[in-house]
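Trainee: Structure incoming, see below.
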Amino acid sequence: MPMIIDASCLVWNLDILEQAAKQDEDIRDMFVRHPDGSVDYDHIRFEAVKDWDHFRRIVKKLTTYTPDGEVDQAGYTIQAYGAVGLLPHWLATNGARFQDMAGTRAMFDSPAGIETMHFISRLYWEDRVSSSFRRELTPADRFQEGKSACIPAGTYSGKTIIRNTMGWTHFGKTAFPPGPQGQGQKTVTWGNMMVISNRSTNVEAAWRYIKFVCSLEGNLLRLKHLGYNGPRLDFYETEQWRQAMADRPYLSNVKQICLAGDKLRHTEITAADHQANPIIETILLQYPDMVNGQGPYPSVEAAMHEAARNVNKVYDRYNRQVKQWKRQTP
């Protein structure tokens, strides 16, 4: 039973966007309008970014450089380390997936997936919209310092940003814009689930607890005490949710973002990431050499295929284990 629903999203620094919007109509159009036609700088439109090309254009405009050419303010911050985490949401925007829904086969090395990897890499190497890759600085760190206009994060991230910035709330959230092979605003969505073990000694008590936690009342209590949205559709019709959006405008697109997501299925996430990460990191770190045929892999395509083969070994092992468990279950 789902108790919480989350999705990946783009988080935008509305202070930076508002300043840029004063001189740039393209950025100004990213904001919602008041009934009188004036710009509402507290609310970013759900479809603020039309497609990949528009995203590249916007984040280029939001990037500033030091006199010696280094990125000072990033338009979009990319983290090479643990880079496999970048893939699922951007893959979804291009009609691709990380894996099949059965958890038996990696799918991120499809033609659409390889195109997605090129897109992410070019943002860094060609468009130069991101600060330098550093293990010690995450995109969230840069964003909370006011040094990045946009980062990939999650719908759950608002409370953490507010805490780490001592109360700053002037940011907004959108889904990800479609790629050449995608349709509409996209992301990946997942739920935190509650289950009852088949070895539970008191199923009735466990079920009563789950019914309460997953009820509308339970959802509203999490909103009150933790600031979380919920997986129930009736939750979004409540006065409490409307008041939360009025108090914290960055929540205004959360329902649409979650609804726009492909269901995230990530079988054996730790083991799969452990196999894919070194190769995806290598692509990002050595992309120019790889494109020129001088990298550790003959091409980006070859590297993606190698990563997928390694992940498929994880899935094969996992599914063999599941079959064994099922045979052993009385």
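Trainee: Tally up the residues in the stretch 33-55 that are buried (at least 20 other Cβ atoms within 10 Å of the Cβ) and within 19 Å of residue 124 (Cα to Cα), please.
Mentor: 3
Trainee: Any residue at all in the stretch 95-112 that's in a helix (DSSP H, G or I) and β-branched (Val, Ile, Thr)?
Mentor: Just the residues of the stretch 95-112 that are in a helix (DSSP H, G or I), to begin with: 111-112.
Okay, now just the ones that are also β-branched (Val, Ile, Thr), so none.
Scanning the stretch 95-112 turns up no residue that is in a helix (DSSP H, G or I) and β-branched (Val, Ile, Thr).
Trainee: Would the stretch 240-251 turn up any residue that is surrounded by 14 or more Cβ atoms within 10 Å (Cβ to Cβ) and under 30 Å from residue 84 (Cβ atoms)?
Mentor: Yes: the stretch 240-251 contains one or more residues that are surrounded by 14 or more Cβ atoms within 10 Å (Cβ to Cβ) and under 30 Å from residue 84 (Cβ atoms).
Trainee: Still on this structure: Within the stretch 71-106, work out how many residues are of a type in the set (S, T, N, Q) and under 24 Å from residue 145 (Cα atoms). Quick ask: steps written out before the conclusion?
Mentor: Initially, the stretch 71-106 is screened for residues of a type in the set (S, T, N, Q), giving 73, 77, 79, 93-94, 99, 104.
Remaining after also requiring under 24 Å from residue 145 (Cα atoms): 73, 77, 79.
Here the count works out to 3.
Trainee: Would you confirm whether or not the stretch 193-209 contains a residue that is in contact with a Pro (Cβ under 9 Å, 6 or more places away or on another chain), modelled with pLDDT under 95 and either buried (at least 16 other Cβ atoms within 10 Å of the Cβ) or not in a helix (DSSP H, G or I) (or both)? If you could, list the steps in order and put the result at the bottom.
Mentor: In the first step, residues of the stretch 193-209 are kept if they are in contact with a Pro (Cβ under 9 Å, 6 or more places away or on another chain); the result is 193-194.
Narrowing further to those that are modelled with pLDDT under 95: 193-194.
Those still in the list that are either buried (at least 16 other Cβ atoms within 10 Å of the Cβ) or not in a helix (DSSP H, G or I) (or both) too: 193-194.
Yes, the stretch 193-209 has at least one match.
Trainee: Here's something else I'd like to know. Looking for whichever is over 15 Å from the mean Cα position of the chain (by Cα), surrounded by 16 or more Cβ atoms within 10 Å (Cβ to Cβ) and free of Cβ contacts under 8 Å to residues at least 40 places away in the same chain here; the options are 148, 110, 130, 121. Which one fits? Break it down stepwise before answering.
Mentor: Values: 148 fails: free of Cβ contacts under 8 Å to residues at least 40 places away in the same chain; 130 fails: free of Cβ contacts under 8 Å to residues at least 40 places away in the same chain; 121 fails: free of Cβ contacts under 8 Å to residues at least 40 places away in the same chain.
The conditions single out 110.
To keep it simple, each residue is scored yes or no on (1) under 19 Å from the mean Cα position of the chain (by Cα); (2) assigned to a helix (DSSP H, G or I); (3) loosely packed, with under 15 Cβ neighbours inside 10 Å.
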site	(1), (2), (3)
134	no, no, yes
137	yes, no, no
141	yes, yes, no
153	yes, no, no
160	yes, yes, yes
163	no, yes, yes
167	no, no, yes
172	yes, no, no
179	yes, no, no
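Trainee: Among the helices (runs of 4 or more DSSP H) confined wholly to the stretch 227-330, which include 2 or more residues that are under 25 Å from residue 117 (Cα atoms)? I'd like the intermediate steps shown before the answer.
Mentor: On the way: elements: 239-247, 254-259, 269-285, 287-291, 300-328.
Output list reads 254-259, 269-285, 287-291, 300-328.
Trainee: Among the residues of the stretch 264-278, which ones are touching a residue at least 24 places away in the same chain (Cβ under 8 Å), aliphatic (A, V, I, L, M) and more than 12 Å from residue 313 (Cα to Cα)?
Mentor: Within the stretch 264-278, just 264 meets the criteria.
Trainee: Out of the residues in the stretch 294-306 that are in contact with an Asp or Glu (Cβ under 7 Å, 6 or more places away or on another chain) and touching a residue at least 60 places away in the same chain (Cβ under 8 Å), which is surrounded by the most Cβ atoms within 10 Å (Cβ to Cβ)?
Mentor: Looking at the filtered set, the residue picked out is 304.
Trainee: Something else now. Evaluate the following for residue 282: is it under 19 Å from residue 82 (Cα atoms), in contact with a helix residue (DSSP H, G or I) (Cβ under 8 Å, 6 or more places away or on another chain), modelled with pLDDT of 95 or more and surrounded by 16 or more Cβ atoms within 10 Å (Cβ to Cβ)?
Mentor: Details: under 19 Å from residue 82 (Cα atoms): yes; in contact with a helix residue (DSSP H, G or I) (Cβ under 8 Å, 6 or more places away or on another chain): yes; modelled with pLDDT of 95 or more: yes; surrounded by 16 or more Cβ atoms within 10 Å (Cβ to Cβ): yes.
In short, yes.
Trainee: Oh, and also: All but one of (1) surrounded by 15 or more Cβ atoms within 10 Å (Cβ to Cβ); (2) assigned to a helix (DSSP H, G or I); (3) more than 19 Å from the chain's Cα centre (by Cα) hold for residue 60; which doesn't?
Mentor: Against the list (1) surrounded by 15 or more Cβ atoms within 10 Å (Cβ to Cβ); (2) assigned to a helix (DSSP H, G or I); (3) more than 19 Å from the chain's Cα centre (by Cα), residue 60 comes up short only on (1).
The values are calculated or read from the model by the stated rules, or taken from the named source; none is laboratory data. Not measured: the values here are computed from a predicted model. Because the Cβ atoms are built from the backbone with ideal geometry, glycine has one as well, and the counts that use them run over all protein chains shown.
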